[in-house]
1. Might you report the magnitude of the Cβ-based charge dipole of the chain about its Cα centre, with Lys and Arg at +1 and Asp and Glu at -1, to the nearest 20 debye?
2. Can you give me the orientation-averaged projected area of the convex hull built on the Cα atoms of region 122-280, in nm²?
3. Counting only DSSP beta bridges with both residues in the chain, what percent are antiparallel, rounded to the nearest 5?
4. How many nm is it between the label spots at Leu294 and Lys555, if each spot is 7 Å from the Cα in line with the beta carbon?
5. Once all Cα-Cα distances of the chain are split into 10 Å bins that start at 0, what whole-number percent is in each one?
6. Take peptides 382-393, 413-424, 449-460 and line them up by average Cβ neighbours within 10 Å, highest first, as a rough protection proxy.
7. Picking from Val486, Ile413, Gly465, whose Cα lies most toward the positive end of the charge dipole for region 367-494 (charges on Cβ: Lys, Arg +1; Asp, Glu -1)?
8. Using Cα-Cα distances under 8 Å and only pairs 6 or more residues apart, what relative contact order does region 76-220 have, in percent?
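The values are calculated or read from the model by the stated rules, or taken from the named source; none is laboratory data. These numbers were taken from a predicted model, which means no experiment stands behind them. Glycine also receives a Cβ, built like all others from the backbone with ideal geometry; neighbour counts cover every protein chain displayed. Side chains included, ligands, DNA and RNA excluded: accessible areas come from the protein's heavy atoms. Shrake-Rupley method; radii C 1.70, N 1.55, O 1.52, S 1.80 Å.
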Amino acid sequence: MSPSDVPLQVQTRIDELREQLHRHNRLYYGHGEPEISDSEYDKLFKALRDLEEQYPDMVTPDSPTQRVGYLAGQADVSLPPTVASATALKKVPHDRQLLSLDSVLSADDVFAFDKRVRKELDAEQIEYVVEPKYDGLSVVIVYEDGMFTGGATRGDGQTGELITPNIRSILSRFQCLKIEGNVPRRVVVRGEVYLRLPDFQALNRQLTERGEKTFANPRNAASGSLRQLDAGITASRLLALTCYDLMVSSDPLPRTHWETVSALHAWGVPVPDPAQRQVCEGIEEVIAFHRGMLEKRETLPFEIDGIVVKLNSRDFQEQLGEKSRSPRWAVAFKFPPRKELTTVQDIVVSVGRTGALTPIALLTPVEVGGVTISRATLHNVEEVARKDVRVGDTVKVERAGDVIPDIVERIEIPGEQRAGPFEVPRACPVCQSAVVREGPVSYCTGQIVCSAQLKGGIQHFASKGALNIEGLGEKTVSQLVDKFFVKDLSDLYRLTGDQLLSLDGFAEKSATQLLSAIRQSKTPALDRFLFGLGIHHVGHHVAQILASEFGALEKLLTVTCEELQDIRDIGPEIAQSVVSFFAEERNVAVLTDMKVLGVTVQTILRTTSERAGLLKGKSFVFTGGLESVSRQEATQRLQALGGRVTSSVSKRTAYVIVGKDPGSKLDEAKRLGISVLDEAGFLELLRAGGD
Ligand code: IVH
């Protein structure tokens, strides 16, 4: 049956359905403002699929049922992509494989590439386009009828991860292509998401302030920020995008790469800066461009790891074709890696907030990728031993982004005379207290007397996740400790305006602001306060558990290891650390001083264990469907209060909870005279026990 034999009503209905589905796709993915529910959408989709199954000749490649990629996959999911899976991004097949590039490192290799190309195309000279090779994350972006409708990561080239809302947050201004006249039905654009260096540095600073892990380089930061289930996080990260290819178009593609990028630019899609790309007549110009970019590399506000060399003519590209994973018409001409050799002049140790000693190598200054490096971290004692780094050794150092450089390896010099292996000092270099070893890390034991630990401890106490005292940055804290204004945490609440005014960088206004911030921190929540004390092994999560289990700081002063270990998630290490902290008289003295100075840690009215007692030993039976909570959640909430849920009614049943359409258990309850609760009564019971 050809389409002309299909009854007119069916043809009209199919057209209608397609138009509706296209429209709803645009509303949902383009604007994020759907007009119909997911199940209504599914109904339309199913109606179209059924008709197409009945009349296969009516199927067209651009039907919403046919598109591989970012939209067709949605029909079988009744939830929007961000919540389709709570733990992982949804996978989507790409329309076309996303190829990667072969790399070359030397001019000789580039000449060889050019020679092969010329031979195969039987051409004297080739026109190339050269662009920066952005060090980011490859993405594809789909526009339908000129509207952004979907985006995905490269993944393995065949299948990527659906990140539509995340890409939307980056695109904000470019969601709608600026095309006058004929708008292509569907285009798939490829580009790179990356993080500019100043934004990378700001992000890492922010993460440090929040006590979170920082990213090793802008690439990881871009990837971590983009591949988020919560697109709000992506939106907060100032990611940049540049597009360099039009992979698919329902209209004919421009005949050169340069024109393709120009078209994207004209449509309002971000493309590489014209000052950083060019058409080269022949391979010599390519090599000159590479040299020029290498020189410019350090002045660019983003990381590039080479240039990409592409044949400009699409006909030539098609003639050369591709291998299994990379095109034969393009190569990445990489820059030499940012690693350099230097020598270790000394190994010193620095002391952090927890007392952990970090060995640091002091290096003969060396320029690595445009930045002079004179220190590199050796992380911990075990790492020094593993890399066998000693004073006087020659080492290879690497710099990635703006992070502290790393020693990659030691280089053996034949016949060299080496110093003895690095030894951990027995006494803390800052306070002379004894040093102890815990696994790979060595610690200073002078928790309270060590000024290095005190500085770190104060910064932690004041950090956002703890007491959130604005204005207590590293420089201020360091001065406060060095001038002996702050000898322990309680001294923060004794600070005077005059003391602050005597510090570098303080004036009337900043001193008043800091004093007011300190005053405002005097009624901290228990969990934040516990976290802020910097007790070993007590992070946010453990602090929250302790707070809800014990409810008041005083209770923790006398807690035993056994009591602590009875709590879920608290193991012997944490328990021991908490008990030791509160057993230390000097710690308790500081807490008492704080109290006297007006610090009132908030108590929690009813702790987990008290709540758990409320329904202790009582058994419950459900019958019928609950409307506002699932059976599973209701069970969990009862159990949290100490209740038990059983399946049959007996004399020992405390309550039968009756939902919609109850079964015979209700009759049984009546017969045995067991109390019956409807859903509202049940929720009331949970509330009474829960707060
Ligand atoms: S073109 C078929 N152009 O480099 C052509 N890629 O090692 C494929 N990249 O996965 C890519 N800047 O993520 C191209 N100007 C540029 C690029 C670029 C960065 C990345 C891209 C790709 C990787 C290949």
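1. Working: 82 positive and 94 negative charges, 363 e Å.
In debye, rounded to 20, the chain gives about 1740.
2. On the way: hull surface 44.9 nm².
In nm², the orientation-averaged hull projection of region 122-280 is 11.2.
3. On the way: 74 of 89 bridges.
Close to 85 percent.
4. Taking the two extended label points, one gets 6.6 nm.
5. Final binned percentages: 3, 11, 15, 17, 18, 17, 12, 6, 2, 0.
6. On the way: 382-393: 16.3, 413-424: 10.0, 449-460: 21.8.
The peptides rank, most packed first, as 449-460, 382-393, 413-424.
7. Farthest along the dipole direction, towards plus: Val486.
8. On the way: 163 pairs, mean separation 35.7, N = 145.
Dividing the mean separation by the residue count of region 76-220 yields 25 percent.
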